[in-house]
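Coordinate-derived values only; no laboratory data. The structure presented is a predicted model; accordingly, all values stated were derived computationally and were not measured. All Cβ positions, even for glycine, are placed from backbone atoms using ideal geometry, and neighbour counts span all protein chains on display.
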Amino acid sequence: MLLALQIITLIGSVAMLMYGLKVMSEGLQKMAGSKLSNVLGTMTTNRFTGVLTGAFITAAVQSSTATSVMTVSFVSAGILSLAQAISVIMGAHIGTTFTAWIMVLGGGSFDLRLVIYTMIVLAVALIYTKKNATLGDFLIGLALLLLGLTTLRINATEMHLDKMEPVRNFFIATSSWGYGSYFLYLLIGAILTFSVQSSAAIMAITMTLCSTHVLPIDMGIALILGENLGTTITANVVALSAPTMARRAALAHFVSNLFGVIWVLCVLRYFVSAICRLWGVEFTPGIPSDVSPDKLNAILATFHTGFNVTNTFILIWFIPLIEKVVTRMLPSTPEQKDTESQLRFISAGLMSTSELSILQAWNEIHVFGVRTRRMIDMVSDLYHTTDEQDFVKIYSRIEKYEGICDRMEVEIAGYLNQVADGRLSDQSKREVHKMLRIVSELESVGDANFNLSRYISYRHRDNLKYTEEQNRNIEMMESLLAQAANKMVEALDKVHISDNEFVEMMSLESEINNFRDDLKAENTINVTGHVYDYLTGVNYMDTISEFEKMGDYIINVEEAIYEKKHDK
């Protein structure tokens, strides 16, 4: 009965550690907000700043996954080159070692429970008083992480794993095969990390096994190497459905870590021996070290940091070569080429937190807006072309874009619904609601463009002749809509609209509405006066009315962005 309770406590403490790390990471990312994306997009001018950027962001948000997914999405969108992405991912390897040092503190021999419960009290006060809820989230996440580590250490000590015959016999038997043991534990580490989806949890278990003198230090280090490979497997699985450039970035992640594992295995005992000497510990391969748990944990954390820093220092000079290798391994073919219907920023999946996912969604919505703006130019080209082949080609392209808009609406809305299921602040929930509204309005802009192309096609098919005045009016309406669409795209790019800009937009919409009303009255007079026939007048007014509807959809996008500004 006691053993069953201890096993449940062991599992529960690991789960608490994982959840605490997640909550702490979310709190940090909420506080950092869009600054992370800005830093990632601007501080990657060369391979060295790329590494520093990746290390800084990962250490700040405690999630190499968040950094990797942002990086992959920026590669897909063409904001970062593949070489820049590789340097950022290498930096993320360094940044993630900071988590191990937190574990060294939390898993130490001194009791942190007074500090932990004090943080929980403070966090609850901050969350419920809403004075600084994001700081409260960070503190409660850190407290749960440290409580999980403390409980894990205490429970492992009470279980006396080093005195359990089955446990001792297993580790003794599997630690006596020389390099065969290293490969076994490397494989175990990779499989466990891929299965649990948390290298931090496996790191905590590794530290616990070593500090209780059950697992030899070199076998624990082999587990850590496996963890490094396990995280790259996860990234590659996630990237399977992503564009080619994203898959190349994920593959580069795997290649760089695999190279590191290969070279460090060749010198593993020398490397481990040097780190042990640094901490004043004598290293014997395959034999558990009989020293304090604090030193054993510190040795593991030092190896984790030393390995990733050294590997990055070696590979940073070969980034162009790695880029060529992964490009050759995943070549682009016409069939594999990224299509315009694919999402650029969020195709790699959700970010590690919903707050950062919102930033990615805004980038995707801007791309959506640019595509609808492009359709307006296509409609204008369709209206003015006289060549039959060009007409068919442009019409087909508009039809294709309308299908793309439909798919983008569904995919972005589905993504935002997933985001809404996460832990969001009230402001972020309102933001997601407005983003869903914007996506719907943009899809309507795409529909309006397609409807316009159909009216133009009917005119072309029935050989309807517009007067010079009608053509001038159509061109004027095209000009007004182009101005409105330009302002919309600019607002989506900044996710901001000033008071003056909104007034200008409302004035432009009023001009479109008034122009439509004037043309409607004028059309009635012209039809009854036999200036042109009734069928031409119907087609003409359908076209004008569709332009006016598109103006409404565009102003609705502007209104949603303007309301977002006033919610802040």
### Summary
Over the Cα atoms of region 279-330 the radius of gyration and the largest Cα-Cα distance (Dmax), both in Å, equal 17.5, 49
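Could the peptides 218-224, 314-320 be put in order, highest first, of the mean number of other beta-carbon atoms found within 10 Å of their residues? Display every interim value, and only then the final one.
Details: 218-224: 26.4, 314-320: 15.9.
Put in order of decreasing packing, that is 218-224, 314-320.
When only Cα pairs under 8 Å and 6 or more residues apart are kept, what is the percent relative contact order across region 357-421? Present the calculation step by step, with values, prior to reporting the outcome.
Details: 21 pairs, mean separation 32.3, N = 65.
Across region 357-421, relative contact order equals 50 percent.
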### Query
Taking 0.36 nm per residue of separation and subtracting the Cα-Cα distance, what length does fully extending Ser507 through Ala125 add?
132.7 nm
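What's the extension gain from Arg374 to Ser396 if we count 0.36 nm per residue and subtract their Cα-Cα distance? Don't jump to the answer; show the numbers that get you there.
Working: separation 22, 0.36 × 22 = 7.92 nm, distance 1.42 nm.
Working it through step by step, the gained length comes to 6.5 nm.
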#### Entry: Shape metrics for region 426-522, restricted to C-alpha atoms - Rg then Dmax, Å
16.9, 56
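Would you please give the FRET efficiency between Thr284 and His496, computed as 1/(1 + (r/R0)^6) with r the Cβ-Cβ distance and R0 = 51 Å, to the nearest 0.05?
On the way: r = 63 Å, r/R0 = 1.23.
It comes out at approximately 0.20.
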### Query
Mind listing P(r) for region 354-567? All alpha-carbon pairs, 5 Å bins, whole percents.
1, 7, 15, 17, 17, 14, 11, 8, 5, 3, 2, 1, 0
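Show me the ranking of peptides 301-308, 198-205 by mean Cβ neighbours inside 10 Å, starting with the highest.
Output ranking for 301-308, 198-205: 198-205, 301-308.
So if we plug the beta-carbon distance of Thr386 and Tyr534 into 1/(1 + (r/R0)^6) with R0 = 25 Å, what FRET efficiency do we get, rounded to 0.05?
Numbers: r = 25 Å, r/R0 = 1.00.
Taking R0 as 25 Å, the efficiency between Thr386 and Tyr534 is 0.50.
Fewest Cβ neighbours within 10 Å first, please rank Val104, Val379, Val237 accordingly. Please report the intermediate quantities before stating the final value.
On the way: Val104 19, Val379 26, Val237 11.
So the ranking, lowest neighbour count to highest, is Val237, Val104, Val379.
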### Task
For every other residue with a beta carbon closer than 14 angstrom to the beta carbon of Asn526, add +1 if it is Lys or Arg and -1 if Asp or Glu, then tell me the sum.
-2
### Task
Rank-order 383-390, 359-366 by packing density, defined as the average count of other C-beta atoms within 10 Å over each peptide's residues, highest first.
359-366, 383-390
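Net charge around Tyr182, counting only other residues with Cβ within less than 10 Å of its Cβ (Lys, Arg = +1; Asp, Glu = -1)? Walk me through the numbers before you get to the answer.
Numbers: positive: Arg269; negative: Asp218.
Its environment carries a net charge of 0.
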### Message
Given a Förster distance of 22 Å, report the FRET efficiency between Trp317 and Asn236 from their Cβ-Cβ distance, rounded to the nearest 0.05.
### Response
0.35
### Message
For region 377-451 and region 455-489, what is the centre-to-centre distance using only Cα atoms, to the nearest Å?
### Response
20
